[in-house]
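The values are calculated or read from the model by the stated rules, or taken from the named source; none is laboratory data. The shown structure was predicted, so the numbers you read here are calculated from the model rather than taken from an experiment. Positions of Cβ are generated from backbone atoms using ideal geometry, with glycine treated the same way; all protein chains shown enter the neighbour counts. In case anyone asks, the SASA skips ligands and DNA or RNA and just uses the protein heavy atoms, side chains included. Shrake-Rupley method; radii C 1.70, N 1.55, O 1.52, S 1.80 Å.
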Amino acid sequence: MKILGHTSKSYADYISKKLGKGAEHARLLYREWFQEGTHVGKDPHFKNAPALLKEIIDLTDFSALPFVKQGDEEKTEKYLLKTADGLEVEMVCLPMPAGYTLCVSSQVGCRMGCAFCETGKMGLLRSLTTEEIVSQVYQAKHALGLNVHNIVFMGMGEPLDNYESVMGAVKILTDVHAFALGPSRVSISTSGLVDKIYRLIEDADPAINLAVSINSPNNAVRNRLMPVNREYDMATLKKAMEAYCAHPRRRIFAEYVMISGRTDGLEAADELALYLQGLRVTVNLIPYNPQSKDRFAPPSAEDVDAFAERMRAHGYLTFVRRARGKQIMAACGQLGNTKLRRQLSSLK
Ligand code: SF4
């Protein structure tokens, strides 16, 4: 069994069911694997149990997705990992004062088709399994040696379109025997899959952050930018966000990609302020980062500042994700690059 796809409990249960013993030793080995990156039985409890250690190891697959060799053009914080069936998964590691923020992918491609998004242009090849998601974090921590401080599900894919695997990964990220990340260090993004937001309300620790890609304050524009809006319009999305915020510890991050001439005007800021009224929300403005042959243009720095100021004047805590946005495009998905896209299209 693949250890990266399991919580300490499910791993210990599996081992004890298989061997009729060894639950506690399994938990110790699990901890060693996730926290130190080895499986040699370092804990003193293994000293007198070498046969049991071997039995546990024999039942366990310790592999993680390998890195794809990076070309010169990729000397950034972006990394590609390869799945067993030859697909490439993109991960971004961003240095922050307290440690690294990892932007992980939940799918290869995405079926949501947002008009401004590189990943959306690929279509969906497949969703990642829990262990493929966790692999990204494991490799960042142990192969790259990074101090992983935060995880954001803002890589390739719509995380809530791969709900079970993403929630499975969140359990492992927050497992005290695995990565032991506090739930507030995990952020899940969505383009607005309302049915899954209601599931999150039931399932997720309230400290987990939810980022919703709003990107336009009105249905007509949002319909054009984000096809999901035709299934769940803005009023339906607002109700779901209100339900989410009903818990006093829950807060929403409203992600807003600013596109010149489409979403960057002050009237859009006023409309956005009205739309978000009543929600416990932080606004993140992401100046659009044009890709090759793109039909959209980035906003001017003056327009971004004016928009941010207008949102603050309306009373919203507002940030501009300028530097990071240039590097990773920052909203849900929007990783992807033309090289990766070519590889993906040839596999379709
Ligand atoms: S912005 Fe997010 S949901 Fe939309 S196509 Fe890109 S990855 Fe998918």
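Scanning the range 218-249 for residues that are assigned to a loop (DSSP other than H, G, I, E, B), of a type outside the set (Gly, Ala, Ser) and open to solvent by 10 Å² or more (accessible area, probe 1.4 Å) returns 218, 227, 232, 233, 247, 248, 249.
I'm trying to understand the selection: among the residues of the range 82-129, which are in a strand (DSSP E or B) and within 9 Å of the ligand (Cβ to nearest atom)? Before you say what the answer is, go through the steps one by one.
Taking the range 82-129 and keeping what is in a strand (DSSP E or B), we get 82, 88-96, 99-103, 107-109, 124-127.
107, 109, 124, listed by residue number.
Put simply, of 281, 257 the only residue that is in the same structural domain as residue 304 (by TED's automatic domain parsing) and at pLDDT below 95 is 257.
I'd like the residue in the range 173-204 that is within 14 Å of the ligand (Cβ to nearest atom) and assigned to a helix (DSSP H, G or I) and, out of all such residues, is most open to solvent (accessible area, probe 1.4 Å). Spell out the reasoning first.
Step one: filter the range 173-204 for residues within 14 Å of the ligand (Cβ to nearest atom), giving 187-194, 196-197.
The next check asks that each one be assigned to a helix (DSSP H, G or I); those that pass are 194, 196-197.
On the way: 194: 7, 196: 40, 197: 0 Å².
Here the answer is 196.
Restrict the check to the range 310-321 and report whether at least one residue is within 24 Å of the chain's Cα centre (by Cα) and either within 16 Å of the ligand (Cβ to nearest atom) or modelled with pLDDT under 90 (or both). Yes: one or more hits. Applying the criterion of being within 16 Å of the ligand (Cβ to nearest atom) and in a strand (DSSP E or B) to the residues of the range 130-162, the residue that is farthest from residue 192 (Cα to Cα) is 152.
Quick check, is residue 207 part of a loop (DSSP other than H, G, I, E, B), touching a helix residue (DSSP H, G or I) at 6+ places or on another chain (Cβ under 8 Å), away from the ligand (no atom under 16 Å from the Cβ) and aliphatic (A, V, I, L, M)? Spell out the reasoning first.
On the way: part of a loop (DSSP other than H, G, I, E, B): yes; touching a helix residue (DSSP H, G or I) at 6+ places or on another chain (Cβ under 8 Å): yes; away from the ligand (no atom under 16 Å from the Cβ): yes; aliphatic (A, V, I, L, M): yes.
The answer is yes for residue 207.
All of 202, 158, 231, 164 fail the test of being assigned by TED's automatic domain parsing to the domain that holds residue 249, touching a Cys at 6+ places or on another chain (Cβ under 9 Å) and modelled with pLDDT of 95 or more, apart from 158.
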